[in-house]
Amino acid sequence: MKIFRNNIVFIFITLVTLSIFSGCFDKDKKEDKAPTAKIFVIADTHLMAPSLLVKDGTAFQTYLTGDRKLLEESKVILDETINLILSEKPDLVLIPGDLTKDGAKVSHEMMAAALQKVVDSGIKVLVVPGNHDINNPHAISYDGDTETHVDHITPDEFKQIYANFGYKNAKVVDENSLSYVAEPIKGLVIIAMDSCKYDTNVADGKPKTEGSFSIEKLNWIYDQAAKANSDGKLIFGMMHHALTEHYTSQSTLFSEYVIKDWDSLDNEFATRGMKAVFTGHYHANDVVKIGQGESSIFDIMTGSTVTYPNPYRVVSLTEGKTLTIATKYVRNVSHANISSTFEEYSENFLDTGLNIVVPMMLQAPPYSLDSTTAASLAPPIVAALKAHYVGDESGVPAELNPTMTGLQQQADALKASGDSGLIMQGMMLEQIIQVINSIFNDLPSKDNNLQIDLTTGEVTE
């Protein structure tokens, strides 16, 4: 009888112990599936090490004529951004590419040193390369009238320089690219995808703006997503290029800013359980919802810290179900060039730059418009691009309606001329008008401040 009682006690203790440990395992499993985190997102920092501007002059100013980025101020903007990260105290920082202006090694080393301050404070940082970052023969220093080529970096050097920002602690690193998988927060898997094409940059004498995945890269991504999904992880992606169009016809006129085969990849990623992809490249603050219900995936594009309105994102993930996105702005920046507030300075810099760049673009192939037509198109295009950078576009502003009406009348007259050359011009003009309208009429969803239910795909403000 005593032995029987002892056995009963033993069995009871064993069952209680197993129950306790089972509860722990269930708790771990639940936590594994329900991560909570605060994520800080910045994009397209385009850091230009100050040493690369030996002396301001014709060389650098000529470059700026075709560029809309605050390059000379990029270091102080980065410094303030680092201060904001340290103040915000997120769990994780994501940077989807174009860390530097044209991939100079000295700029990469300066960026890594700045990010190390973040890691040293206990915050995790993950990066992927952008089209400017690797094998870039345009890595240049400026000295008055002179441009001098400086050291750029290889893919292996990128991996070494940014070892502490994804690669060293990755769960898996792709052997054929700079893609990797990280689990920075328990239960949250980030598939950092290398969407850039840099293998022949040096031979070609220029970097490639467009992005794509080879079959090998894509199969690797699919395999990693499938594994994470089967393990019950929440999956986010990160890459430089947009996963989808952020306005209608973007892939027709600006195909280099949207990943190749985007119209099938977005569904493929969603099917494999990816809920969101953090992107950059276009310098626009824009969010697009793809699909419906639990199969939805969101392309969360973040604007550039060196382009007005100089945004960053603070993203709160709650129990693996809710993603709350807040857009904030880099503002407390001081530099010798800035005599007004930084916001005013940055906006004026963008306005001035776009009003130079846009007419030049319209007069060059494939548009090849005459200077008069280009000049008439510039104001609405500049206004549309600026609205897109800011986000939450709400239609063509009333003050531009007469201009848009006049342009449409011009396009109609050209198409009715009977001259094949003029008809082609009219068709091109009409296509540009359609793009302007599509930019102003924002695709779903909200861009700057929104909440996403990851289980249903529902978006609220």
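The values are calculated or read from the model by the stated rules, or taken from the named source; none is laboratory data. As the structure is a prediction and not an experimental result, all values here were calculated from the model. Cβ placement follows ideal geometry from the backbone for every residue including glycine, while neighbour counts extend to all protein chains displayed. When the accessible area is computed, the model is the full protein with side chains, heavy atoms only, and any ligands, DNA or RNA have been set aside. Shrake-Rupley method; radii C 1.70, N 1.55, O 1.52, S 1.80 Å.
The table that follows gives values for the structure above.
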| item | result |
| --- | --- |
| Qualifying residue in segment 392-399 (condition: assigned to a helix (DSSP H, G or I) and touching a helix residue (DSSP H, G or I) at 6+ places or on another chain (Cβ under 7 Å)) | no |
| Residue within segment 61-72 that is in contact with a strand residue (DSSP E or B) (Cβ under 6 Å, 6 or more places away or on another chain) and either buried (at least 22 other Cβ atoms within 10 Å of the Cβ) or at negative phi (or both) present | no |
| Verdict on Ala225 being in contact with a strand residue (DSSP E or B) (Cβ under 9 Å, 6 or more places away or on another chain), within 25 Å of Leu115 (Cβ to Cβ) and aliphatic (A, V, I, L, M) | no |
| Sole exception among (1) of a type in the set (A, V, I, L, M, F, W, C); (2) open to solvent by 40 Å² or more (accessible area, probe 1.4 Å); (3) at pLDDT 95 or above for Met360, by number | (3) |
| Conditions (1) surrounded by fewer than 24 Cβ atoms within 10 Å (Cβ to Cβ); (2) without any contact (Cβ under 8 Å) to a residue 60 or more places away in the chain; (3) over 20 Å from Arg68 (Cβ atoms); (4) under 16 Å from the mean Cα position of the chain (by Cα); number of the one not met by Asp299 | (1) |
| Selection within segment 160-218 - among the hydrophobic types (A, V, I, L, M, F, W, C), in contact with a Phe, Trp or Tyr (Cβ under 7 Å, 6 or more places away or on another chain) and closer than 23 Å to Tyr282 by Cβ | Leu178, Ile190, Ala192 |
| Members of segment 304-345 that are touching an Asp or Glu at 6+ places or on another chain (Cβ under 9 Å), over 26 Å from Ser445 (Cβ atoms) and either part of a helix (DSSP H, G or I) or aromatic (Phe, Trp, Tyr) (or both) | Phe342, Tyr345 |
| The lone exception for Ser445 - which of (1) over 18 Å from Ser251 (Cβ atoms); (2) in a helix (DSSP H, G or I); (3) small (Gly, Ala, Ser) it fails | (2) |
| Residue ranges of helices (runs of 4 or more DSSP H) in segment 1-119 with at least 1 members more than 27 Å from Asp199 (Cα to Cα) and at pLDDT below 95 | 2-33, 58-65 |
| Listing of helices (runs of 4 or more DSSP H) fully contained in segment 145-260 that carry 1 or more residues being open to solvent by 20 Å² or more (accessible area, probe 1.4 Å) and of a type in the set (Lys, Arg) | 155-161, 215-230 |
| Test: residue in segment 270-288 that is open to solvent by 10 Å² or more (accessible area, probe 1.4 Å), over 21 Å from Thr460 (Cα atoms), in contact with a helix residue (DSSP H, G or I) (Cβ under 8 Å, 6 or more places away or on another chain) and among the β-branched types (Val, Ile, Thr) | yes |
| Search result, residues across segment 73-104 that are of a type in the set (Lys, Arg), within 28 Å of Gly237 (Cβ to Cβ) and buried (at least 17 other Cβ atoms within 10 Å of the Cβ) | Lys101 |
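Results for (1) over 24 Å from Ser74 (Cβ atoms); (2) in contact (Cβ under 8 Å) with a residue 24 or more places away in the chain, shown as yes or no for each residue.
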| position | (1), (2) |
| --- | --- |
| Gln116 | no, yes |
| Leu126 | no, yes |
| Ile153 | no, yes |
| Lys168 | yes, no |
| Ala182 | yes, yes |
